[in-house]
Amino acid sequence: MRGEADAEPGAGRARAGTAPASTAPASTVRAASRVAGRAATRAWLFAALIGAWWAWSAGSTSVYFPPLAKIVRTLWAQWAVGPARAQLGSSLEHLVLGYAIAGLAGIGIGALLWSLRYLREATSPYLYFLYVLPAPVLVPAVITVFGIGAAMKVVIIAFAAVWPTLLNTLDGMRGVDAVKLDTARALGMSGARRTLAVVLPAAAPQVVAGLRNSLQVSIILMVVSEWVASTGGIGYYIVTAQESFDYLGMWSGILMLAIVGGAANLLFVLAENRLLYWHYGARAVEGRA
Amino acid sequence: MMGQAPQPPVVALKGVRKGYPLRGGGQRLALADVTFDVARGEFACVVGPSGAGKTTLLRCLAGLAMPTSGTVEFEGTPLRQVPAGVGVVFQDYGRSLFPWLTVRGNVDLALKARGVARDSRPARIAEVLASVGLADAGRSYPWQLSGGMQQRVAIARALACRPDLLLMDEPFASVDAQTRFGLEDLILRVREEFGVTVVFVTHDIDEAVYLADRVIVLSASPGVVSEVIDIALPRPRDQVATKRDETFAAYREHLLGLVMTR
Ligand SMILES: Nc1ncnc2c1ncn2[C@@H]1O[C@H](COP(=O)(O)OP(=O)(O)O)[C@@H](O)[C@H]1O
Ligand SMILES: [Mg+2]
């Protein structure tokens, strides 16, 4: 790790002027160990919480709060090798599709509105209205139009999740430093290239913040859409189990949902760290200057 | 006037006036009436106090801003956008470099934007980075470098497309004195190597006299050209010898007098 950072040409030179004593590789190592430390703390806390739940519930005879060991066994039997796999698959399909549409449309429409000032000014009140409107209230309307099939769920997820990305993209692009725009023009970049190669990357930290928000909304709406009117998915499974007094099944569904949410977040953070490597690096340097 | 050059000037400003609209209507005049030419191969420094309209002038020269009235011609044609023959270095390298790209990436983007073929780009990047003494820094990110090195990246990026005219807006104002002297010598050397005409904006009179063939003095806001002075100091210039020269001191004193009385 260290050797690799040192091999980076130029990275090891002293920063003349602002911070002569500190060098980039040292800070990289420090940052890496800080991240590792935080991850370790989290892992310990997670293990401790699970352990506590496991121990506390071990002797439970309540049908409402079955022992964790039993829930995990049901989880395996139902979701890993059992019939609920189809429910998981259908949920994931809607989530991935709805979120992808929300993300792409959010960035695309955000960028379009950014470049068309008059349209932006005309639509901005409606955008904020739709943003603050709680998406679940739209579910009945979407059902009326799209029925209760897969399309309805994807539409609900996409419609609810598009706003955070769209508004963050718009805000981020509007906040791009005028010097960067001047630079892009001075380099002779065409309008489209300026948007794609300068404005979008410069706005990326905020776009990513929007995408993270959209992901959370997507997961919530995935479940809500399955609760309301559906014949499949994790949300449907949980509700059906609860209604038929299958509390073990219900808990296994809730646990499955937690796993889906956790995995989605983990993937997001990994992608974010790769994509915004430069942003965090530059910010760490600024912090020291 | 120095150099009755047979060629037409690289840039020519005639009666350039530039106002910015004010909130309550009307406008704030940044440049009142600016007229001057820059000959091919010349190193022209524009000095003036803060707020004199130096940045505004440079943006008009680059084609980044249109004058309210008057004309700016680059190689005989009126400016509409930034021409391919112009490179610009901004004051604040931290805001001008693209932090998501490596040093190579920053230079490469300039070449891409001007349509330089993919297979000739790596050699061009290596060449221009070597010219500014950053041959080994290509894979670093700008923010991993010192301020002086970052400004050299910006210079390399501006030179990558081999411009006829290099415009620089107080490029060394935010680095420490020692680094600045090094950068001044670097820009003189690079200018020889690339045979580029330079318009260099600064508020530092010593820097202007040290670098220039000609110093254009802007009065305080709104800017007008209050004086143009040919600098007859020998080249190559030297940080110690040139600045010890009596002629250097005389220019310096004269310019200080001009700027102070305003
Ligand atoms: N975009 C702008 N909008 C309004 N006023 C501006 C703008 N840019 C510069 N000015 C004004 O024009 C004058 C000259 O500014 P500038 O060209 O930046 O001067 P300098 O670079 O010499 O410090 C200043 O009074 C400044 O406030
Ligand atoms: Mg300025």
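Any chance you could list P(r) for chain B, counting all Cα-Cα pairs in 5 angstrom bins from zero, rounded to whole %?
Cα pair-distance distribution for chain B, in percent: 1, 6, 13, 17, 19, 17, 13, 9, 4, 1, 0, 0.
Ordered by residue, what ³J(HN,Hα) values in Hz, to whole numbers, does the range B:196-212 give under the Karplus form 6.51 cos²θ - 1.76 cosθ + 1.60, where θ = phi - 60° and Gly and Pro are x?
9, 7, 10, 10, 10, 8, 7, 9, 9, 5, 4, 4, 4, 5, 5, 8, 8
Please work out the Cα center distance from the range A:193-212 to the range A:247-289, rounded to the nearest Å.
Comparing the Cα centres of the range A:193-212 and the range A:247-289, I get a distance of 19 Å.
In the protein assembly as shown, what percentage of the DSSP-assigned beta bridges are antiparallel, given to the nearest 5?
Percent antiparallel among DSSP bridges in the protein assembly as shown is about 50.
Nearest 500 deg cm²/dmol is fine: what mean residue ellipticity at 222 nm does chain A get from its DSSP H runs of n ≥ 4 alone, each adding -39,500 (n - 2.57), divided by its residue count?
Result for chain A, helices only: -25500 deg cm²/dmol.
Heavy atoms of the protein only, probe of 1.4 Å, neighbouring chains included. What is the accessible area of residue A:133 in Å², nearest 10?
50 Å²
Towards the positive end of the charge dipole of the protein assembly as shown, with charges on Cβ (+1 Lys, Arg; -1 Asp, Glu), say which of B:50, B:183, B:101 has the farthest Cα.
B:101
How much accessible surface area, in Å² rounded to 10, belongs to the heavy atoms of residue B:203 with a 1.4 Å probe?
110 Å²
Got a sec? Charge dipole of the protein assembly as shown, +1 on Cβ for Lys and Arg, -1 for Asp and Glu; which of A:104, A:59, A:119 is way out at the positive end?
A:59
Using 7 Å Cα-to-Cβ label points, what is the residue A:39/residue B:253 separation (nm, one decimal)?
Placing both labels 7 Å along Cα→Cβ, they lie 6.8 nm apart.
At 1.4 Å probe size, put A:99, A:126, B:20 in order of accessible surface, largest to smallest.
A:126, B:20, A:99
Along the principal axes of its C-alpha atoms, what lengths does the range B:93-162 span, in descending order and rounded to whole Å?
30, 21, 19
If you plug each phi of the range B:118-124 into the Karplus form 6.51 cos²θ - 1.76 cosθ + 1.60 with θ = phi - 60°, what whole-Hz ³J(HN,Hα) values come out, in order, with x for Gly and Pro?
3, 6, 9, 5, x, 5, 4
With springs only between Cα atoms under 10 Å, which of A:203, A:84, A:184 fluctuates most in a Gaussian network model of chain A?
Of the options given, A:184 has the highest mean-square fluctuation.
Compute the helix-to-body angle for A:247-275: its Cα long axis versus the longest principal axis of chain A, expressed 0 to 90° and rounded to tens.
In chain A, helix A:247-275 runs at an angle near 10 degrees to the longest axis.
Relative to the compact-globule scaling 2.2 N^0.38 Å, provide the ratio for the alpha-carbon radius of gyration of the range B:173-218.
Against the compact-globule rule of thumb, the ratio is 1.15.
Label-point separation (nm) for residue A:229 and residue A:31, each offset 7 Å from Cα along Cα-to-Cβ?
Here the answer is 5.0 nm between the modelled labels.
Averaging sequence separations of C-alpha pairs under 8 Å and six or more residues apart, then dividing by the length of the range B:19-92, give the relative contact order as a whole percent.
Relative CO of the range B:19-92 lands at 20 percent.
How much of the calculated P(r) for the range A:68-288 lies past 32 Å, in percent of all Cα pairs?
Distances greater than 32 Å cover 31 percent of the Cα pairs.
Could you work out the mean count of beta carbons from other protein chains within 10 Å of each residue's beta carbon in B:107-115?
The per-residue average across the peptide is 4.
With all pairs of different alpha carbon atoms counted, what Kirkwood hydrodynamic radius in Å does the protein assembly as shown show?
Result for the protein assembly as shown stands at 27.7 Å.
Using Cα pairs closer than 8 Å and at least 6 residues apart in sequence, work out the relative contact order for the range B:93-162, in percent.
49 percent
Using Cα positions and a limit of under 20 Å, work out the lysines in reach of residue B:112, with same-chain residues fewer than 8 apart set aside.
Candidates past the 8-residue exclusion: A:180.
With θ taken as phi - 60° and the coefficients 6.51, -1.76 and 1.60, list the Karplus ³J(HN,Hα) couplings across the range A:210-226 in order, rounded to whole Hz; mark glycine and proline as x.
Once rounded to whole Hz, the list reads x, 5, 5, 4, 4, 5, 4, 4, 4, 5, 4, 6, 4, 5, 4, 5, 7.
Give a quick list of chymotrypsin sites (Phe, Trp or Tyr not before Pro) in the range A:201-289 that DSSP marks as loop, anything other than H, G, I, E or B, with at most 16 other Cβ atoms within 10 Å.
A:245
The values are calculated or read from the model by the stated rules, or taken from the named source; none is laboratory data. Remember, predicted model here, so these are calculated numbers, not experimental data. A quick note on method: Cβ atoms are made from the backbone with ideal geometry, for glycine too, and the neighbour counts reach across all protein chains shown. Ligands, DNA and RNA are stripped out before the accessible areas are found, and what is left, the full protein with its side chains, is counted by its heavy atoms. Shrake-Rupley method; radii C 1.70, N 1.55, O 1.52, S 1.80 Å.
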